[in-house]
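Below is one structure, written out as structure tokens; the observations come after it.
Each reported figure results from applying straightforward, stated rules to the coordinates on display, with no laboratory input. Bear in mind the structure is a predicted one, so any value in this text is a computation, not a measurement. Positions of Cβ are backbone-derived with ideal geometry, glycine not excepted, and every protein chain shown enters the neighbour counts.
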Amino acid sequence: MTRAVCSLGDIEAAPLPLPSSLRVDTMKFINMYLVGYVVLIIGVVLALWKMNVLQHISGVWIAIGVVLAIGLGVMMSVAAGKPAVTRE
């Protein structure tokens, strides 16, 4: 594994890697969060379709809404899955 090193004159600072067990647990949490969010979005779209609400809305606006919902889900999952790094 290569690490990026930032040097400022004669001072070098490298980011501390997270323990592998913490990274794996965080990734599982983010993946489960995203899966749950996608299932929620699919459920909302199906409910709107069943109530015939989507027939009155242009396809472009539906696509824009889906893209915004997916982007919001990714942002929320990354924010919620951010591990707390403590200095020892």
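Phi angles of region 40-55 translate, via the Karplus equation with coefficients 6.51, -1.76, 1.60 and θ = phi - 60°, into HN-Hα couplings of 4, 4, 4, x, 5, 5, 5, 5, 5, 5, 5, 7, 6, 6, 5, 5 Hz per residue; Gly and Pro are given as x. Note on Ser77, Ser58: ascending count of other Cβ atoms within 10 Å places them as Ser58, Ser77, the fewest first.
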